[in-house]
Each structure stands twice: as structure tokens, then as C-alpha cells.
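Chemist: The following block contains the structure, expressed as C-alpha cells.
The values are calculated or read from the model by the stated rules, or taken from the named source; none is laboratory data. The model shown is predicted, which means the values in this text are computed figures rather than measured ones. When we count neighbours, we look across all protein chains shown, and the Cβ atoms used for this are built from the backbone with ideal geometry, even at glycine. For the accessible areas, the whole protein counts, side chains as well, though only heavy atoms, and no ligand, DNA or RNA atoms are used. Shrake-Rupley method; radii C 1.70, N 1.55, O 1.52, S 1.80 Å.
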Amino acid sequence: MRDFTLKTYRLLLDAFLQSGYCFQTFEEFMEHSAESKAVIMRHDVDEKPYNALKMARLERELGVRATYFFRIVKQSNVPEVIRNIAALGHEIGYHYEDLATADGDMDKALKSFEKNLAYFREYYPVRSVCMHGSSTSKYDNRLLWEACQLSDFGLVGEPYLSVDFNKVFYLTDTGYAWDGGKFATRDIVVNDFGLKFHTTQQIVDCVEEGRFPPKALILAHTLWTDSFMQWEALHLREFFRNNIKLLAKNNQGVAKMYKKMVDMYWKKV
Ligand SMILES: [Zn+2]
């Protein structure tokens, strides 16, 4: 069976529900972490917003509420999708990359952050933000928080800053695998729960056997699809992207070329 489809996503959610886990949105978790076993489903909508909408509908069908972080770029920021996902009862957050887009200019970055946050608040009373990795930029978007605080903007949390990952197990589906962390450049979380997964089925088994930690934050991107064509194309793309990223770590020329390609792909709105 193909992994990272809506079918396998349903299996994953079902496993948690049947094993007594509840689902909390990120803002709910920040306000009061559930007493019971709980999972926070976080979706970074880097691209493919219509896939996000399909995931959101499936979650709604199962009574699950999740958190969707949208970027300001046009590949992510589709008003119709944001509106629909909010209407399904999910949390909307801002996936910010202002320091990278402002080329490190802090004043400029703070102004655009404020403006973009206000924009997303037209759809939802946004209280959570989460940095975008901006792997080809030399600026780490989180450095924004050296100049100000979350509360200055009426925010309650930022996953990379506000969560104790010694207590909350972190999982991410980087590059169509649950152990693709080695390909990440900046969005890295060090976790020591002694668990390692490659496929979604392995997680399902672990949950059903009662070995899965009681609290988890799971990052699932929007590459999950039932479309065979899209799934094949994305697999191929992820394979090349991961290898270029690895090459770029040791080769300036490849790094430059990769940055150019990424900048072209994410042309601003
Ligand atoms: Zn991102």
C-alpha cells in the first residue's frame, strides 16, 4: 500500500482515537495541556493548499481539530482554502518567514510580520505562529524573537520556542518519510524518546501496542494525496530535493544553484 495518502492518514488518526488519545489544537495545548493522552496535529501549508483542505475535511469527519500554518506566498495563501479550513473548526496560524524575506533587516521584518499577521487575522483570530525553515536563506526566522516577544502581538505560542520537547514527542513527515530529519536544514527538533519510524504503519502499530508517548506534536505537510500521479511526481521531486540539499551542504556551487531555484519557485505574491 502507498504511504502518505489520505487513506493512510485516516488509519493514523483512527489509531490515535481508538487508543484513547484526544486531539488538541496548538493554541488549546498552549492554554492547558490535556490531562489525558493528547496529540497536536500541526500542518505547515508550504504549498498545495487544496491538499490541506482535503486533510481538514477528513479530520472534521473524524471529529479531529488540527492547526494549519499558512505562508504569505501565493503557493500557500489561497483565501478560499483558509476560509474553508477555518469554517471546518480548525485553528489557523501564520507560518512566518519575514526575516528571510527582508534579508535580515529587522525593522522591515517586524513591519511585514505585523502586516501579514493582521492579514491572517481577517480569517481567524490567530494566536499561534510557526517559523518557516527558509532553508536557502542565511537568516533564521526565529531571530525575530530577539527583538520582541510573542505577547507583543497577542500570540500564545510558537512550536519551536514554546514546547518542551523532552515531554512532547515530535514527529515530522519530511520528504515522505518519518525519519527524513537528516534532510532538514533548520527545522530540527532533537527528541530522545528512543522511537524511530519510517512508515505511517509503524506509527499505527506503536500506538495500538500502547508504546507511543502520551503527548506528541506531529507535523504533517500537505503532500498527502490519493492522486497516484501527484503522489509519484512528489516522490520524485522530494527524492531529488533531498539529495540536492545534502550536496549543497558541502558544495557552494550547488548551494547557490539550489537557492536560485528555490527563490524562483517561491516568487513573492
Ligand atoms: Zn515551512
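Chemist: When the residues of the stretch 14-40 are narrowed to those that are out of contact with any helix residue (DSSP H, G or I) (no Cβ under 7 Å at 6 or more places or on another chain) and closer than 30 Å to Glu232 by Cα, which ends up least open to solvent (accessible area, probe 1.4 Å)?
Modeler: Taking the candidates together, the pick is Asp14.
Chemist: Can you tell me which residue is surrounded by the fewest Cβ atoms within 10 Å (Cβ to Cβ) among those in the stretch 202-238 that are among the charged types (D, E, K, R) and either in contact with a strand residue (DSSP E or B) (Cβ under 7 Å, 6 or more places away or on another chain) or closer than 27 Å to Pro49 by Cβ (or both)?
Modeler: Ranking the candidates gives Glu232 first.
Chemist: Suppose we keep only residues that are more than 16 Å from the ligand (Cβ to nearest atom) and farther than 19 Å from Glu27 by Cα within the stretch 144-153. Which one would you say is most open to solvent (accessible area, probe 1.4 Å)?
Modeler: Glu146
Chemist: Ok, one more. Which ones in the stretch 79-97 are within 16 Å of the ligand (Cβ to nearest atom) and assigned to a loop (DSSP other than H, G, I, E, B)?
Modeler: Of everything in the stretch 79-97, just one residue is within 16 Å of the ligand (Cβ to nearest atom) and assigned to a loop (DSSP other than H, G, I, E, B), namely Glu97.
Chemist: A further question on this structure: Please specify each residue of the stretch 1-13 satisfying the condition of being open to solvent by 50 Å² or more (accessible area, probe 1.4 Å) and either modelled with pLDDT of 95 or more or closer than 21 Å to Val126 by Cβ (or both).
Modeler: Hits for the stretch 1-13 are Lys7, Arg10, Leu11.
Chemist: Take Phe193 and decide whether it is open to solvent by 20 Å² or more (accessible area, probe 1.4 Å), aromatic (Phe, Trp, Tyr) and out of contact with any Leu (no Cβ under 9 Å at 6 or more places or on another chain).
Modeler: yes
Chemist: Could you tell me whether any residue of the stretch 226-245 is closer than 19 Å to Thr8 by Cβ, touching a Pro at 6+ places or on another chain (Cβ under 9 Å) and not in a loop (DSSP other than H, G, I, E, B)?
Modeler: Taking every residue of the stretch 226-245 in turn, none turns out to be closer than 19 Å to Thr8 by Cβ, touching a Pro at 6+ places or on another chain (Cβ under 9 Å) and not in a loop (DSSP other than H, G, I, E, B).
Chemist: I'd like the full set of residues that are assigned to a helix (DSSP H, G or I), more than 16 Å from the ligand (Cβ to nearest atom) and touching a helix residue (DSSP H, G or I) at 6+ places or on another chain (Cβ under 6 Å), limited to the stretch 98-113.
Modeler: Passing the criteria: Ala109, Ser112.
Chemist: Check off (1) farther than 23 Å from Thr199 by Cα; (2) in a loop (DSSP other than H, G, I, E, B) for Glu27 and give me the number that stays unchecked.
Modeler: (2)
Chemist: Do you know which residues across the stretch 1-47 are basic (Lys, Arg) and touching a strand residue (DSSP E or B) at 6+ places or on another chain (Cβ under 9 Å)?
Modeler: Passing the criteria: Lys37, Arg42.
Chemist: Still on this structure, I have one more. Take the residues in the stretch 54-76 that are closer than 20 Å to Thr25 by Cβ and either β-branched (Val, Ile, Thr) or assigned to a loop (DSSP other than H, G, I, E, B) (or both), then tell me which one is farthest from the ligand (Cβ to nearest atom).
Modeler: Filtering first and then ranking leaves Gly63.
Chemist: In the stretch 114-139, what residues are over 22 Å from Val189 (Cβ atoms) and either touching a strand residue (DSSP E or B) at 6+ places or on another chain (Cβ under 8 Å) or within 16 Å of the ligand (Cβ to nearest atom) (or both)?
Modeler: Listed by number, the residues that qualify are Asn116, Leu117, Phe120, Tyr123, Tyr124, Val126.
Chemist: From the list Gly194, Gly210, which residue is assigned to a loop (DSSP other than H, G, I, E, B), at pLDDT 95 or above and either under 19 Å from Lys37 (Cα atoms) or within 16 Å of the ligand (Cβ to nearest atom) (or both)?
Modeler: Matching residue, one of Gly194, Gly210: Gly210.
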